[in-house]
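Let me begin by presenting the structure, written as structure tokens, before commenting on it.
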Amino acid sequence: MFQFFSYNSLTSIFFLCLIPSLFPARTLPVTLFPADLSPNATWNNFVNFIDAGKGANFSGMSELKKYFHRFGYLQIPDNVVDNFTDIFDDSFESAVVNYQRNLGLMVTGKLDAGTVTQIMSPRCGVSDVRKGSTDKIHVTKHYAYFYGEPRWGRSAQVSLTYAFSRNHMIDYLSSSDVQDAFRRSFSRWSSVIPVNFTETDDYSSADIKIGFYKGDHGDGEPFDGVLGVLAHAFSPENGRLHLDEAETWAVDFKSTKSKVAVDLESVATHEIGHILGLAHTSVKDAIMYPSLSPRTKKVDLKIDDVEGVQALYGSNPNFRYSSLMESDLSSSWVITSSIKWSTYLMVLVGCLW
């Protein structure tokens with residue numbers, strides 16, 4: 001008959017595992033990143049760089065440097081991007097450190113498993129750091145803004161229209177399902193700030209223009225196929241919001257069985273944050289964190305999102321923090337409890353490896 005470990009037993013095992021001479025280091029298996037969930041061939045190869053640090057030389061690391069350049073961490077002229085070397089040099093170490101700090105990761109300066117996992121995660125295509133500058137995106141607390149803190153209008157009440165491109169839609173989701181997903185996403189933001197969003201059929205005159213595009217679609221930010229970059233949007237008052245047509249977009253995971261399905265409402269809510277002027281945050285459970293795993297629904301604004309957007313536009317008179325704080329505290333308790341027991345189980349498995 002099996003006997004479960006007690007809390008004290010697990011604690012003892014935990015401290016035993018801290019003695020390095022008893023348990024040799026081991027390399028994480030490549031199966032940590034399932035092939036059918038890898039963003040694309042290039043990003044999937046990044047798993048080969050786990051544990052690499054300054055001085056390392058790996059074939060293909062130049063592609064990883066291009067990734068860091070794309071998202072703002074390696075500041076060099078675009079015309080020399082193809083001349084990246086495969087050497088983990090000082091500038092790349094600095095880029096890794098900044099990446100880890102920006103995304104709330106453990107700062108090691110190395111490509112540890114947690115950092116590589118984050119790098120390979122599907123994400124928003126908006127840069128984390130302003131290109132062409134050594135300055136980080138202006139950060140206040142955790143939330144962040146685009147350079148210059150652009151926003152729509154200066155009046156107390158802002159009214160914006162949005163429209164969908166008739167020539168750039170997907171045919172496996174009904175128009176009503178797509179519209180409903182975006183309507184819910186817009187309403188979440190309007191519930192916390194004095195900004196109204198109204199759908200219009202006049203695409204050419206709409207403030208916010210929404211469409212699904214594939215590959216290089218003329219805005220300087222090409223899409224890369226399944227997963228990888230999911231979508232991108234531009235800062236105020238540009239208004240363009242583009243989603244990668246190559247993704248398997250879903251509004252209901254019960255009816256969409258694909259392992260790489262991406263929740264449309266979650267991505268829409270994130271990209272609308274960019275449309276309003278928010279950049280990426282380091283708070284992992286916030287809407288404005290840059291990555292989203294397949295088959296994950298993440299649509300509720302967190303305190304970090306609300307504080308950031310209200311600093312730009314003010315508060316909706318009907319908004320109350322109380323319910324939002326209760327939701328955040330409840331989520332934090334569940335996550336903390338899960339992490340605590342997951343840590344003990346991971347340590348136990350590691351010791352028995």
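Remarks
- Considering segment 242-264, the residues that are within 16 Å of the chain's Cα centre (by Cα) and in a strand (DSSP E or B) include one that is surrounded by the fewest Cβ atoms within 10 Å (Cβ to Cβ), namely ALA261.
- Subset tally (residues that are touching a helix residue (DSSP H, G or I) at 6+ places or on another chain (Cβ under 9 Å) and among the β-branched types (Val, Ile, Thr)) for segment 199-223: 2
- When the residues of segment 67-112 are filtered to those that are aliphatic (A, V, I, L, M) and within 30 Å of LEU264 (Cβ to Cβ), the one that is surrounded by the fewest Cβ atoms within 10 Å (Cβ to Cβ) is LEU105.
- Test: residue in segment 224-232 that is acidic (Asp, Glu), at pLDDT 95 or above and touching a helix residue (DSSP H, G or I) at 6+ places or on another chain (Cβ under 9 Å): no
- Looking at GLU221, GLU247, just one residue is acidic (Asp, Glu), over 30 Å from SER315 (Cβ atoms) and touching a His at 6+ places or on another chain (Cβ under 6 Å), and that residue is GLU221.
- Test: LEU227 is more than 22 Å from the chain's Cα centre (by Cα) and surrounded by 13 or more Cβ atoms within 10 Å (Cβ to Cβ): no
- Some residue of segment 332-344 being modelled with pLDDT under 95, among the aliphatic types (A, V, I, L, M) and touching a helix residue (DSSP H, G or I) at 6+ places or on another chain (Cβ under 6 Å): no
- Taking each residue of segment 270-299 that is within 15 Å of TYR145 (Cβ to Cβ) and surrounded by fewer than 24 Cβ atoms within 10 Å (Cβ to Cβ) and looking for partners that are among the polar types (S, T, N, Q) and at pLDDT below 95 with beta-carbon atoms closer than 6 Å, six or more apart or interchain, yields SER282/ASN102.
- Single unsatisfied condition, VAL126 versus (1) more than 25 Å from VAL260 (Cα to Cα); (2) modelled with pLDDT of 95 or more; (3) out of contact with any Leu (no Cβ under 9 Å at 6 or more places or on another chain); (4) not hydroxyl-bearing (Ser, Thr, Tyr): (1)
- Checking each residue in segment 209-237 for being within 21 Å of LEU278 (Cβ to Cβ) and in contact with a Leu (Cβ under 6 Å, 6 or more places away or on another chain) picks out ILE210, ALA231, ALA233.
- The listed residue being of a type in the set (D, E, K, R) and over 21 Å from PHE182 (Cβ atoms), out of LYS302, LYS298, LYS257: LYS257
- Qualifying position, being at pLDDT below 90, on the phi < 0 side of the Ramachandran plot and hydroxyl-bearing (Ser, Thr, Tyr), among SER38, SER91: SER38
The values are calculated or read from the model by the stated rules, or taken from the named source; none is laboratory data. As the structure is a prediction and not an experimental result, all values here were calculated from the model. Ideal geometry is used to build each Cβ from the backbone, glycine not excepted, and the neighbour counts take in all protein chains shown.
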